[in-house]
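For reference, the structure is listed below as C-alpha cells.
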Amino acid sequence: MTAPIDTIEAIDQIRLYFAPLATRQGILARRSLGQPTPEDDAVAGALVKRMLDEIGPDGSVNGGVVATIWRAHELLDLGCDTNEAEWGRLMSWVVDLQRRPGSFSQGCTPARHSYRACQHFISGFFSPAPPEQRITPIMFPCGKVFRAEPAARFAISCLALRAALRAGLGDRQQIEHHTTSLIQLQPLWADWNGYFAPDVIVSGVHSLAFASPAQRQMVPRLGESIVAHQGEDGTWTNADLFHTLDALLAVGSAEARETIRRAVPALLRRQRPDGSFGSTAQQERALIALRALIWVEQEG
C-alpha cells in the first residue's frame, strides 16, 4: 500500500525538524528513518555518559520518581551498558519502589474490592510517594498530564514496570506479580467509561506489551479496548492521542497498526509547519508521531 502524499510530507517535515538535534529523540528519529549521521554514535555515547553522571548516590535523578524511571527508558533506548554501576543503582532505586507504602495496589474500599482492584487481589505495584503525599498533577514524558491521584499512581507504576521488563527483570517475583495483576485487571478495561479512566487503561496496555510471550498469551487481543473505542475522527474520548499511539506502537499487532492508520488524519491536523506537534513534550511527541507514520507507510 502506498502512503498518502500528505503522510510522506509529514514524515519529511519531522525529518527536517529532527535533523539538527543532538538529542536522544533526534538520534532515535534518524534511526527510525534509516538515516543516522556519522556523528550519532558519538553523540549517543556522550548523552549516555551525561545521563549516568546525573544519577545520584542513592540511584535517583534528583529524587524525582518519573524522572528516574524515565532515565531507565532513555538509557535503554540509547544502548547503555547495563553493567555500569550507575545503571545498577538506578534500577535498584526503581525496583525498591515496590517495597514502599503508597502504591495503587495497597488499601481496600468496598468499591475497589468489588472490582478486585485492591490489595486482596493485586500486588507488586510501584509506589511513587507515601499515601499522604499528593503527587498530582504530574506530566509524563509524552506530555500526558495525570490529575487524579489513583490514576497517577497506577500510571507511574506501569511506567516503572515497563522499565523493569525492558531491563530483563520480568522473572523477579514482585515484577511477575505486577504483570499478573494487570492481566487480572484487563477485563475491566473493556468499559472505556468504567472504573479505570481511558488513559489509565492505555498505561496498562503499554506495560503488558512488554510482558513475556507466555504472559502475552493470556491477553491474545491486547489493546482491544483501545481499538474498540476509537472515534470516527481517529481519536479517543478522554485519552491523550500521543500517549495512546505510543501504547499501540508497543503492542505491535496488525490490529494496532490499522488503528494507528485511522488516527493519521487527526495526527496530521496537529502538525505545525516546523514539523512538530505543539509545544508540550515537543520532541517526544514528534518522535511518537514519526514512528506511527513510518509504521503506517510500511504497511503492505
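See the values below:
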{"item": "Helices (runs of 4 or more DSSP H) enclosed by segment 1-99 - at least 2 residues per element that are open to solvent by less than 40 Å² (accessible area, probe 1.4 Å) and within 27 Å of Trp295 (Cα to Cα)", "result": "5-18, 24-33, 40-53, 65-77"}
{"item": "Of residues in segment 197-216 being of a type in the set (Val, Ile, Thr) and in contact (Cβ under 8 Å) with a residue 40 or more places away in the chain, the one surrounded by the most Cβ atoms within 10 Å (Cβ to Cβ)", "result": "Val202"}
{"item": "Close pairs (6 angstrom Cβ cut-off, 6 or more residues apart or separate chains): without any contact (Cβ under 8 Å) to a residue 60 or more places away in the chain and within 16 Å of Ser127 (Cβ to Cβ) in segment 56-70, surrounded by fewer than 19 Cβ atoms within 10 Å (Cβ to Cβ) and of a type in the set (S, T, N, Q) anywhere", "result": "Gly59/Ser92"}
{"item": "Residues of segment 290-300 that turn out to be touching a Ser or Thr at 6+ places or on another chain (Cβ under 9 Å) and either open to solvent by less than 30 Å² (accessible area, probe 1.4 Å) or closer than 19 Å to Arg30 by Cα (or both), as a count", "result": "6"}
{"item": "Any hit, segment 192-209, residues being over 16 Å from the mean Cα position of the chain (by Cα) and over 19 Å from Arg147 (Cβ atoms)", "result": "no"}
{"item": "Residue check for Leu185: out of contact with any Pro (no Cβ under 8 Å at 6 or more places or on another chain), within 30 Å of Ala44 (Cα to Cα), of a type outside the set (S, T, N, Q) and part of a helix (DSSP H, G or I)", "result": "no"}
{"item": "Filter result (assigned to a helix (DSSP H, G or I), open to solvent by 30 Å² or more (accessible area, probe 1.4 Å) and either in contact (Cβ under 8 Å) with a residue 40 or more places away in the chain or in contact with a Gly (Cβ under 7 Å, 6 or more places away or on another chain) (or both)) within segment 258-284", "result": "Arg262, Pro265, Leu268, Gln283"}
{"item": "Close pairs from segment 101-113: first in a loop (DSSP other than H, G, I, E, B), partner β-branched (Val, Ile, Thr), Cβ under 9 Å, at least 6 apart", "result": "Gly102/Ile135; Phe104/Ile122; Phe104/Ile156; Ser105/Ile122"}
{"item": "Residue within segment 126-133 that is over 18 Å from the mean Cα position of the chain (by Cα) and open to solvent by less than 70 Å² (accessible area, probe 1.4 Å) present", "result": "yes"}
{"item": "Count of residues meeting criterion [in contact with a Ser or Thr (Cβ under 9 Å, 6 or more places away or on another chain) and either open to solvent by less than 30 Å² (accessible area, probe 1.4 Å) or among the polar types (S, T, N, Q) (or both)] in segment 217-226", "result": "3"}
{"item": "Gly194, sole failed condition from (1) open to solvent by 50 Å² or more (accessible area, probe 1.4 Å); (2) over 21 Å from Asp246 (Cα atoms)", "result": "(1)"}
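Yes or no, residue by residue, for (1) on the phi > 0 side of the Ramachandran plot; (2) modelled with pLDDT of 95 or more; (3) of a type in the set (S, T, N, Q):
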position	(1), (2), (3)
Pro4	no, no, no
Ile11	no, yes, no
Tyr17	no, yes, no
Gln25	no, yes, yes
Glu39	no, yes, no
Trp70	no, yes, no
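The values are calculated or read from the model by the stated rules, or taken from the named source; none is laboratory data. Owing to the predicted nature of the structure, the values given are computational and were not obtained by experimental measurement. So basically every Cβ, Gly included, is an ideal-geometry build from the backbone, and we count neighbours across all protein chains shown. To get the accessible areas, we keep the full protein, side chains included, count just its heavy atoms, and leave off ligands, DNA and RNA. Shrake-Rupley method; radii C 1.70, N 1.55, O 1.52, S 1.80 Å.
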